Amino acid sequence: MFDLRDLYQEVILDHNKRPRNFGQLKEPERSAEGYNPLCGDKLIVHLGLKGDVICEIAFTGSGCAISKASASLMTESVKGKTLAEVRTLSGRFQEMVTADAETEPDTDALGKLSVFAGVRAYPARVKCAVLAWHTLRAAIAADHKVATTE
Amino acid sequence: MSQASASTASPPSFDAGRVRQDFPILDREVRGRRLAYLDNAATTQKPKVVLDALTRYYTEHNANIHRGVHYLSEVATQAHEAARLTAQRFLNARQTREMIFTRNATEGINLVAQSFGRRHIGKGDEVVITGMEHHSNIVPWQLLCEQTGAVLRVVPIADDGELIWEEFERLVGPRTKLVAAVHLSNSLGTVNPVSRIVELAHQHGAAVLLDGAQAAYHFPVDVQALDCDFYVATGHKLYGPTGIGLLYGKAAHLEEMPPYQGGGDMISSVTFEKTTYNEIPYKFEAGTPHIAGAIGLGAAIKYLTGLGFDQVALHERELLAYATDALQQIPGLKLIGTAPEKASILSFVMEGIHPHDIGTIVDREGVAIRTGHHCTQPVMDRFGIPATARASLAMYNTRNDIDALVVALEQVRRVLA
């Protein structure tokens, strides 16, 4: 029996109420918008890069507690990481929230992000948890596309 | 119910507790709790008589209809056409040939848009809809407008979710060829003044399609009294199976409309040079239909009317008043859609809490509601919200269901406020 608190953990509730890195960057080098038409969640992720490293990140938008907390925790966990590291982390996060209930989350690799393991018991909410990560990947990918055309 | 009380009231007063026993699914627990099913605007549960009708058809009468000479085919054909008669009487159409079986309300609207619409609506003509339509009563008209160069006009709605009548009067004019309006809004609960809509549209020579997907299972509908040109409904909200719907059309329209789909059953003769179409309603029923679905729907309608539909409507009205009052006591909760004429729908938002979180948390308490835009994104935009939580009533709901919702919403506030 899954408890509601498995989904709405204290860390998640805290980040929902007081989202970190919420707002605009002064001069974002790139940004992307993510939209979940099912629930109307909308996120915009703003990025600043120093070489291959995410040196600045912020987000704006509106959404449910899960999507907002996910975006907030994501910004904390990717700041200072290289794009390759972010890609790996993003993949691990995706795996965790879609894994079956028995699979233990890799807490060493995921750190604080493992609070989202509870989402596995709520298939309808997986999209809320991954929206921020999809949006981040879109921001990174969009920039690469621009870079290759130049 | 006691004989004594039955003898003093005619028809006997409606007993939701008794009706619940006819719906097997309402007995089950969900997440260890008594199920409070409040997502009826999405689909209703099915009474045992409907399930039995389906089983009986497939175990005793299964055959294809209309051209079989063998016994089973005759029985199946009779049962299918008897369901049409039941549907005709239910909506009070003049004749059975005005009653077309579709897959759902959406298909009925598409049929009218593509058949009636493409014949009668051209460049510069106008189609008028309201700002509270379900996507299924928006997109078919947008498609038609793209195909023909016609223009879509939208009547705005007021802050309480009511149609702004003056705007409707202003928008309907000589260019208007068709007005398509929802009878009962699925996201606001507004009941539109459909008789007045039909009257005004007809004064301008425009045809009217009414979307009764929500209305038809909440209160009696009389298409002759309404004088609408088309009326659509869907079986799975009428306590019947999915995959079966109803389209009423005035015979004069249906006769001159071209077929919507070609195939078997909709023809009277076919050669490679020329095909003659079948008479209505069969002209619009190409291919093997959902025979079991039609029979199941017939059983559902008989069940509903057998309970006394006026009594059902009265029960739901009382429950809506009780629920409205109960929800308004919850701090930070705001109802979206408070029109004076309302039925069965309680759409709401809670301060600082996203509807999705509301839906997930009340679900843990065994309460099934819907959250999202309810296929009415323009309504959400109108009210400046991404989504609502929506509790929607049916005849088997009781105050227990509403009380369970209220307790669950208190839990929502405890977890997230």
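When all C-alpha to C-alpha distances in segment B:74-196 are sorted into bins of 10 Å, what percent of pairs does each bin hold, rounded to whole numbers?
Bin by bin from 0 Å, the calculated values are 12, 35, 33, 15, 4, 0.
So for segment B:35-108, what are the equivalent ellipsoid semi-axes in whole Å, largest first, each being the square root of 5 times an eigenvalue of the Cα gyration tensor?
Details: eigenvalues 132, 74, 24 Å².
After scaling each eigenvalue by five and taking roots: 26, 19, 11 Å.
Mind checking which of B:A294, B:I25, A:I44 is farthest towards the positive end of the protein assembly as shown's charge dipole, using Cβ charges of +1 (Lys, Arg) and -1 (Asp, Glu) about the Cα centre?
A:I44
Under 20 °C and 1.002 mPa s, how fast does the protein assembly as shown diffuse according to Stokes-Einstein, given a Kirkwood radius computed over C-alpha pairs? Answer in µm²/s, whole number.
Translational D for this selection: 82 µm²/s.
Could you compute the net charge surrounding B:R364? Neighbours are other residues with a C-beta less than 11 Å from the C-beta of B:R364; K and R count +1, D and E count -1. Kindly include the intermediate steps, with their values, before the conclusion.
Working: positive: A:R5, B:R31, B:R33; negative: A:D3, A:D6, B:D363, B:E365.
Every neighbour counted, the sum reads -1.
Computed FRET efficiency, Cβ-Cβ of B:E279 and B:Q147, R0 22 Å: what is it to the nearest 0.05?
That gives a FRET efficiency of 0.20.
Can you give the charge dipole size of chain B about its Cα centre, rounded to the nearest 20 debye, using +1 on the beta carbon of Lys and Arg and -1 on the beta carbon of Asp and Glu? Spell out each step's value before the answer.
Working: 38 positive and 45 negative charges, 125 e Å.
Charge dipole, chain B, about its Cα centre: 600 debye, nearest 20.
Under a point-charge model restricted to the Cβ atoms of Lys and Arg (+1) and Asp and Glu (-1), what is the dipole moment magnitude of segment B:352-400 relative to its Cα centre, in debye to the nearest 20? Please report the intermediate quantities before stating the final value.
Values: 5 positive and 4 negative charges, 32 e Å.
Dipole about the Cα centre, nearest 20: 160 debye.
Across peptide B:356-369, how many C-beta atoms of other chains are within 10 Å of each residue C-beta, on average? Don't skip to the answer; put the middle values down first.
Values: counts 14, 12, 1, 4, 10, 4, 0, 3, 6, 1, 0, 0, 0, 0.
Taking all residues of B:356-369 together, the mean is 4.
For each of B:I244, B:I129, count neighbouring Cβ atoms within 10 Å of the residue's Cβ, then give the residues from fewest to most. Let's see the in-between values first.
Numbers: B:I244 27, B:I129 23.
By the 10 Å Cβ count, ascending: B:I129, B:I244.
For the residues B:R84, B:R103, B:R28, what sequence is obtained by ranking on other C-beta atoms within 10 Å, fewest first?
Numbers: B:R84 21, B:R103 18, B:R28 10.
Final ranking by Cβ density, sparse to dense: B:R28, B:R103, B:R84.
When the Kirkwood radius is taken over all Cα pairs of chain A, what Stokes-Einstein diffusion coefficient follows at 25 °C and 0.890 mPa s, in µm²/s? Working shown, then result.
Details: Rh = 15.5 Å.
D, rounded to a whole number, is 159 µm²/s.
Dimensions of segment B:322-371 along principal axes (Cα, Å, largest first)?
Ordered largest first, segment B:322-371 gives principal extents of 32, 22, 17 Å.
P(r) for segment B:225-301, please, calculated from all Cα pair distances in 10 Å bins and given in %.
All Cα pairs, binned at 10 Å, distribute as 18, 39, 33, 8, 1 percent.
Return the Cα extents of segment B:298-390 along principal axes one, two and three, sorted largest first, each rounded to a whole Å.
Projected onto the principal axes, the Cα atoms of segment B:298-390 cover 45, 30, 26 Å.
If you look for lysine pairs in chain B that are eight or more places apart or on different chains, how many of them have Cα atoms under 29 Å apart?
Total qualifying Lys-Lys pairs in chain B comes to 24.
Whole number please: convex hull volume per residue of the Cα set in segment A:16-59, in Å³?
Details: hull volume 3.7 nm³, N = 44.
So the per-residue Cα hull volume is 85 Å³.
Please give the direction-averaged projected area of the C-alpha convex hull for chain B, in square nanometres with one decimal. Please list the in-between numbers first.
On the way: hull surface 89.9 nm².
Computing the convex hull of the Cα atoms and averaging its projections yields 22.5 nm².
Each reported figure results from applying straightforward, stated rules to the coordinates on display, with no laboratory input. What you see is a predicted model; the values in this text were computed from it and never measured. Note: ideal-geometry Cβ built from the backbone for every residue, glycine included; neighbour counts use all protein chains shown.
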